[in-house]
Every structure is written in C-alpha cells, then in structure tokens.
Amino acid sequence: MNIIVVGCGKIGRSIIGSLVSEGHDVAVIDIDHDVITEITDIYDVIGVCGIGTDCEVLEEAGAAKADIVIAVTGSDELNMLSCYIAKTLGAKQTVARIREREYNDNSLDFMKEKLQISMAVNPELFTAYDIYNVLKLPGAAHIETFSTHSFEMVELVLKEGSPLVGTKIMNLRKQHSAIFLVCVVSRNGKVVIPDGQFELEVGDRIALTAAPSEIYKLLKSLKLIKKQVRNIMILGASRTAYYLAELLLNLGNSVTIIDKDPKKCESFSEALPNATIILGDGAQQNLLLEEGLEQMDAFVSLTGMDENNILISYFASTKNVSKVVTKVNRDEFLPIAKHLGIETIVSPIRTISDVLVRYARALQNTVGSNVEKLYKIMEGQAEALMFKVHPDFKHINTPLKEISFKPNILIGGLLRKNKAIVPTGDDVILPDDKVVVISTGHRLCDLADIIE
C-alpha cells in the first residue's frame, strides 16, 4: 500500500518503522530537512521536506494516489487540515492524531465528518485505557480486549510458588476450574506457541485467552486477586495521567497526582477537583513516602523520562505497592525494566503503531475476512489478531482438528453472537464468527493466510 506519514517525531518514527517492516511503500513529510535526511538514511522511504498542509508538498509525496495519509505532528489542527487537504487531493483514507481533550468530546465526530477524516487516534487516551484495564485486574501484567465483556487475553508472569509452575499445558484445565487457553509463552527472550507437553517454569511470561469471568476465576484460584485497587498514585501530570485519573475518579477511586510543574498542577486541580494534586519532585523518595506511597494499592509512573519512570517504579515495588505500572517508550530500556521486575509496561508510541498497523492490514484484506483487532504481544514477537468470518471462507463448518494450519499458528478463541468459546479440535468456524488467531513469524492480513 502507498502510505504517507506527516510528522517524523517519536510517534511518527515508530509508525514509519512499523509500516516499512510490513512491506508498505512509505513517503514521509517533515518541516525539518535534517530529520528527513536522517529518516531516509535509516529507512527505504521517500522524504519530502515541507509542511503537511502545503498542497504542493502533499502532491510531491503522492497524496493523489495514497491509500492512507497519517498525520501525527505535534499540532492537532495541522493534522486535521493535512488530512482534509490530502483527501481533497485524492487520498483514499486519512488518519489524524488528535490529543487535546477539547477535541475528544462531541465535537470530534463533527470534525471527522466535515474534514473527511477516516480515523482519529489519541495515543494518550488509548494508553490510559490500557492502564485502567490492568488496574481493574491487578494480578495481570497486561490485558488485551477482543470484545467488551466477552473475550480477553491476559499476560501473567509466573513467580516462585505459582500453582502453574511445573504443570504441562495439557493438564492445566484439569487442575483449575476456569476455562482458558495458554496461547503463548515467553521464556528467556524466546517466544513459542506451546503444545500440550510444554511444561511451565518460574519466570515464564504466559498469555492466555478466556472470557473475563473465567479469567477472574483463574486469577482468584491462583491467589493473584487479593483486593481491588482503590488508592492510586500517579507520577507526572501528562495527558495520559489526565485521562487515566478521569477514568479512575469516575469509579470512586482515590487518586493522587504528583508533578513538579506549578502550571500543570494548577491546570489539573481545576480540571480534576476530586483528585489530590501534589506540587513536588516525584524523584525524591521522601516525598513519595510522605504522600502515602506505602499505603497505595497502585503506583503509575508517567513522566516524560523513561529512566526516571523505571527507577521510581522499582522503588515503589520495594515498598510493597501491589501494582506498579510504568511508561517506557524506548525499546532499549525494556530489558532493564524487566530485569528490575517491573511487569506492566505501557507505551503510547507502541500502542499507536499497533493500531495503525492493524488499520493498514484491515484495508488489505481479501473477501474472506476482516482484521478487526491486532495486538503485538510479548514485546512484538507474537501477534494476536481477531478476524470476522465471511460466508465464503473455505473452511466453514470444518472441525479445527481437520484443518491444516501453518506452523506457529493457534486458534485462541471464537466469538459467536457475543459468546466466548475456548476452542477444542472438535469446534468449527461459522459465518459471522470472530476468530482470535495467535501467530509468530507471520504477517497475517486475512483468515485464509493461516491455512497451509
């Protein structure tokens, strides 16, 4: 596909890298000539120096024949206008990053319609929902939702003493009353789709699929659910922090936000009157302790510095805070965070890259199915996708055990009229089903791609 990315900041660069690795023809636009030179040296892309609202610049980048134009500059207004002009020039689909909360209320749908924006993305809001979901189920390291209230994927880290350690995959369901399926295991940096003989070990990071009620039942049996998260401390008065605090406060939780910027603290105090806003340096351990860190159910570090987030989160974990979440955007810091035992890591940059990769794949699909969800899991070494099945899929009503799947492919679940099915070999795929597929080493655009 021909894709144009307007804006080569941190998020733009991540999107460019993801789209190039997917095999798309990418053109990039940025006002900084040095940035364009750097990007074109790293990636096989066309670079155009200029502003994304300039018709001539967009034409030079190929907007007239573009399948998607993605505008992710630091300005919401520029992003929306870039999309409108690109659409006028002939671009098929447009995506705008829109972050200001004033634009994410009722006015957003109006602007999308009038400016012909196909999709609006807000990385900080998406990340806030990711954190919110994990805080609702604190025993999990990460949660992906395929269908609200119907089907989820949860990642767990197996610690010493876990009842799952030493158990073969084939025996898990016999030992636990919950209905679930272990789909992926990460061990010592290697990710595999396990067979029934695979035996779980301490330190394994596993991903399992199930209905939310079954996940809750399993985590309770594993003693990973002790109490609900009610008191949360957030470090950093960022956009993500605002969206997260709003979600948590709406449920009646107690939220404390710490930041050293007086203007940000004043703004948050006005916008979030039910939150406790503390002006101070959260890197100072004494301040965190004075503000009740040891009494918190959860600590979330959302400053703009990955290094600070990791170190402060590690400190919080030593104070017996039951759930610690940290933002890490730079991949090179992930091994450090993992080594320090930080299980739940979020990244607005990776989140939005995954969303746009899914969007591009959905536009590539053939007649057999649609990509409705795509999640990069286990640090991008595996994918979990959800396809909607059309009536002309060739293996309708065929038992799964009779279908020849490609290697490293697993059917992780079926959704049929909002009912979650953890499949066995005797289950079949029916028209209008939604099929959750787990894969490693494949780039799936269509359900037919999983067949040998």
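Bear in mind that the values in this text are calculations on the coordinates, not laboratory data. Quick caveat, the model's predicted, so the values are computed rather than measured. Positions of Cβ are generated from backbone atoms using ideal geometry, with glycine treated the same way; all protein chains shown enter the neighbour counts.
Here are a few things to note about the model shown:
- Note on Glu307 and Asp426: with the Förster distance fixed at 35 Å, the Cβ-Cβ geometry gives a FRET efficiency of about 0.10.
- The peptide list 415-427, 231-243, put in order of mean Cβ contacts within 10 Å with the highest first, becomes 231-243, 415-427.
- Volume in Å³ per residue [convex hull over Cα atoms, computed for segment 128-249]: 127 Å³
- 3J(HN,Hα) from dihedral phi, segment 434-441, Karplus parametrisation 6.51/-1.76/1.60, rounded to Hz, x for glycine, proline: 10, 10, 8, 10, 10, 8, 10, x
- For the chain, the relative contact order is 11 percent, taking Cα pairs closer than 8 Å that sit 6 or more residues apart in sequence and dividing their mean separation by the residue count.
- Note on Thr398 and Asp44: with the Förster distance fixed at 51 Å, the Cβ-Cβ geometry gives a FRET efficiency of about 0.80.
- Sum of side-chain charges, Pro407 neighbourhood, beta-carbon under 14 Å (Lys, Arg +1; Asp, Glu -1): -2
- Expected-Rg normalisation [2.2 N^0.38 Å, Cα atoms] applied to segment 310-428: 1.40
- Applying a threshold of 21 Å to the alpha-carbon distances of Lys159/Lys406; Lys136/Lys323; Lys65/Lys87; Lys92/Lys112; Lys190/Lys419; Lys223/Lys419 flags Lys159/Lys406; Lys190/Lys419; Lys223/Lys419 as lying beyond it.
- Here the Kirkwood formula puts the hydrodynamic radius of segment 179-272 at 16.8 Å, using every distinct Cα pair.
- Global form of the chain, assessed from the alpha-carbon gyration tensor, a/c cut-off 1.5: oblate
- Over the chain: helical MRE at 222 nm, DSSP H runs n ≥ 4 each giving -39500 (n - 2.57), nearest 500: -9500 deg cm²/dmol
- Per-residue packing, averaged as other Cβ atoms within 10 Å, sorts the ranges 273-286, 176-189 into the order 176-189, 273-286, beginning with the highest.
- With the simple model of a label 7 Å out from the Cα in the direction of the Cβ, Asp195 to Cys55 spans 6.3 nm.
- Pairs of Cα atoms nearer than 8 Å and 6+ residues apart set the relative contact order; for segment 361-450 it is 37 percent.
- Estimated FRET transfer efficiency when R0 is 35 angstrom, pair Arg416-Asp34 (beta carbons, to 0.05): 0.05
- Kirkwood's formula applied to the C-alpha pairs of segment 231-346 gives a hydrodynamic radius of 14.0 angstrom.
- Ranked by the mean number of other Cβ atoms within 10 Å of their residues, highest first, the peptides 443-450, 196-203 fall in the order 443-450, 196-203.
- Working note: Cα gyration tensor of segment 2-121, eigenvalues times five, square-rooted, sorted largest first, giving semi-axes of 22, 15, 13 Å.
- Debye-sum result for segment 361-450 in log10 I(q)/I(0), which assumes one identical scatterer on each alpha carbon, at q = 0.11, 0.16, 0.21, 0.24 Å⁻¹: -0.26, -0.58, -1.03, -1.36
- Helices assigned as whole DSSP H runs in the chain whose Cα atoms extend at least 15 Å along their own long axis and whose mean Kyte-Doolittle hydropathy is -0.5 or higher are found at 10-21, 76-89, 123-136, 239-250, 306-318, 348-364.
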